[in-house]
Amino acid sequence: MKTIRSFIAIELKDKATIEKIISFSQRLKQNQTNIKLVEPVNLHMTMKFLGNIPETLAPKIYSIIQEEINDKLFHRKNFEYRLNGVGQFNRFSVIWIELHGNIQFLQKIKDSTEDFLFRELKIERDKRTKFKPHLTIGRLKKNKINYKTFDSLKNLINENRDLEFGVFNINQVKLKESKLTPKGPIYTDLVY
């Protein structure tokens, strides 16, 4: 049985915001040359990581997303959020930007997605139920850290906890495939 590595996400498409993220990401790269930056075309907010799913399940997931989430909850409306404030998870292994706005609406999107996928397809719910809205911009493996400049990386992140990056317009979630390659992941939309 063929499987697809997949996830459900909201893509960042706002060009001015992406440019500001690229500019800040370059500062991270100057500090830590081994940091793996997220490619601008891949910037997204993950709503649910599905992992390897049977290929036959993908059209059913897509249908649920379209009918129950995009059509009924988004109603073809655009919701404006803001990206500002840099942070880190897991001792600087993940660098991210925080999302601000109507987080309760995004929690509803996440909960509804989880509920429909579990009820219709028996896809397990995430162990973490509280949605932490963030946009990952880089990853730094512990064995790749340059400790000579690590304190300045910490300072760079701390000094930019309130940095404004711009708008993040949200109007749908997408089912995405993730193909892992030596140069990094390649994400494509799954559409049926």
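Quick note on the range 135-192: its Rg to Rh ratio, both from C-alpha atoms and Rh being the Kirkwood radius, is 1.09.
Dipole check for the chain: with +1 at the C-beta of Lys and Arg, -1 at the C-beta of Asp and Glu, and the Cα centre as origin, the magnitude is about 740 Debye.
Taking 7 Å steps out from each Cα toward its Cβ at Lys132 and Gln107 produces label points 1.5 nm apart. What Kirkwood radius, in Å to one decimal, follows from the Cα pairs of the range 47-116? Taking the inverse mean of 1/r over all distinct Cα pairs, the range 47-116 comes out at 14.4 Å.
Given Cα positions, please report Rg to Rh for the chain, the hydrodynamic radius being the Kirkwood one. Radius of gyration relative to Kirkwood radius: 0.98. Using a simple spin-label model with pseudo-atoms 7 Å out from Cα toward Cβ, Met1 and Tyr147 lie 4.7 nm apart. Spacing of the modelled spin labels on Lys13 and Asn84, each 7 Å from Cα toward Cβ, amounts to 2.5 nm.
Can you compute the charge dipole magnitude of the range 1-48 about its Cα centre, using +1 on each Lys and Arg Cβ and -1 on each Asp and Glu Cβ, nothing else charged? Give it in debye, rounded to the nearest 20. Dipole about the Cα centre, nearest 20: 160 debye.
None of the figures in this text is laboratory data; all of them are computed from the coordinates on show. These figures come from a predicted structure and were not determined experimentally. We place every Cβ from the backbone using ideal geometry, glycine too, and count neighbours over all the protein chains shown.
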